[in-house]
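The values are calculated or read from the model by the stated rules, or taken from the named source; none is laboratory data. Here the structure is a predicted model, which is why all the values come from computation and not from measurement. Positions of Cβ are backbone-derived with ideal geometry, glycine not excepted, and every protein chain shown enters the neighbour counts. Please note that ligands, DNA and RNA were not included when accessible areas were found on the heavy atoms of the full protein model with its side chains. Shrake-Rupley method; radii C 1.70, N 1.55, O 1.52, S 1.80 Å.
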Amino acid sequence: MNFLLWGVLPYLVLLILIGGLIWRYRYDQFGWTTRSSQLYESKLLKIASPLFHFALLAVLMGHIVGLLIPKAFTDWIGLDQHAYHLGAFWGGGLAGVALVVGLVMLIVRRRTTGAVFKATTWNDKFMYLVLATVIGLGMVATLTGDKTPTGEEHNYRETVSVWFRSLFTFQPDVEAMGAATWQFQLHVLIALALFAIIPFTRLVHAFSAPVHYLFRPYIVYRSRDQRPRHSETVKGRGWDPVGTRDNQKARR
């Protein structure tokens, strides 16, 4: 079972993610969008969306540091386990709380705003469920995952992180992940499910980068409400500004 969960499943999810992104780009480019509902409601969205996305960025940075930087390196620079644990606990905890608050605000907005709720599909509801579960289990792992059922201290950098880095060498250390606490194991499993559904949900926009903005020509904006001066107005022309006093006098 450990081999299937931690040695086979991650690569299967990676294939689904890459294959799904390719399929979505080739056959559903018009659907490659967040399906923004800002037109329906913007007051709450202006608070909830930045809070959620900035907190998510902080959480992702914490995951990158915790999973990719070996414990030997932090020990070498003089950062002991106690200091690292305090930083991860308080920093990760605060970022996690902000992420939860942002997500709750987005869900409440989507449920209580009639127009936004009508635009919500079953696909969106399932995505929110998986996303909320991943975040919730992450908070549980952060707050309670430092002890094994036998009461021994658990350091995820010696289990989960070792397993994660071993995936890049195609030699998954399933024993390391098998030694992790159930909180971390369940969090990783639901996170893999989240990655597998990304290409088929609105979360696909996370893989969008406006690179073409760097090469597109300048766009010149002109106001349509600017009233021309009297000396610049040519009477009797079909493209005179409609509704202005000068235009009305000319037609008289």
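Are there any pairs with C-beta distances below 8 angstrom linking a residue in region 195-216 that is touching a residue at least 24 places away in the same chain (Cβ under 8 Å) to a residue that is part of a loop (DSSP other than H, G, I, E, B), with the two at least 6 apart or on different chains, and if so which?
202/33; 202/34; 202/35; 204/32; 205/32; 205/33; 205/34; 208/32
Take the residues in region 1-10 that are free of Cβ contacts under 8 Å to residues at least 24 places away in the same chain and assigned to a helix (DSSP H, G or I), then tell me which one is most open to solvent (accessible area, probe 1.4 Å).
4
Here's a check for you: in region 174-184, which residue that is without any contact (Cβ under 8 Å) to a residue 40 or more places away in the chain and in a helix (DSSP H, G or I) is most open to solvent (accessible area, probe 1.4 Å)?
Filtering region 174-184 down to residues without any contact (Cβ under 8 Å) to a residue 40 or more places away in the chain leaves 176, 179-180, 182.
With the extra rule that they be in a helix (DSSP H, G or I), the set shrinks to 176, 182.
On the way: 176: 13, 182: 143 Å².
Result: 182.
Filtering region 57-73 down to residues that are in contact (Cβ under 8 Å) with a residue 40 or more places away in the chain and in a helix (DSSP H, G or I), which residue is least open to solvent (accessible area, probe 1.4 Å)?
The residue in question is 66.
What single numbered condition from (1) within 21 Å of residue 53 (Cβ to Cβ); (2) open to solvent by less than 60 Å² (accessible area, probe 1.4 Å); (3) among the hydrophobic types (A, V, I, L, M, F, W, C) fails to hold for residue 39?
(2)
Checking residue 84 against (1) surrounded by 13 or more Cβ atoms within 10 Å (Cβ to Cβ); (2) within 16 Å of residue 55 (Cα to Cα); (3) among the aromatic types (Phe, Trp, Tyr), which test does it fail?
Every listed condition holds for residue 84 apart from (2).
Can you tell me how many residues in region 20-36 are free of Cβ contacts under 8 Å to residues at least 12 places away in the same chain and either under 15 Å from residue 195 (Cα atoms) or open to solvent by less than 60 Å² (accessible area, probe 1.4 Å) (or both)?
So the count comes out to 3.
Only one of 89, 54, 164, 117 is surrounded by 15 or more Cβ atoms within 10 Å (Cβ to Cβ), part of a helix (DSSP H, G or I) and aromatic (Phe, Trp, Tyr). Can you tell me which?
After applying the criteria, what remains is 164.
Spot the failing condition for residue 109; the list is (1) more than 19 Å from residue 190 (Cβ to Cβ); (2) touching a residue at least 60 places away in the same chain (Cβ under 8 Å); (3) open to solvent by 70 Å² or more (accessible area, probe 1.4 Å), and only one is missed.
(3)
Condition check: out of contact with any strand residue (DSSP E or B) (no Cβ under 8 Å at 6 or more places or on another chain), farther than 24 Å from residue 42 by Cα and in a loop (DSSP other than H, G, I, E, B). Does residue 151 satisfy that?
The answer is yes for residue 151.
Restricting region 188-233 to residues that are assigned to a loop (DSSP other than H, G, I, E, B) and surrounded by 10 or more Cβ atoms within 10 Å (Cβ to Cβ), which is modelled with the highest pLDDT?
That would be 201.
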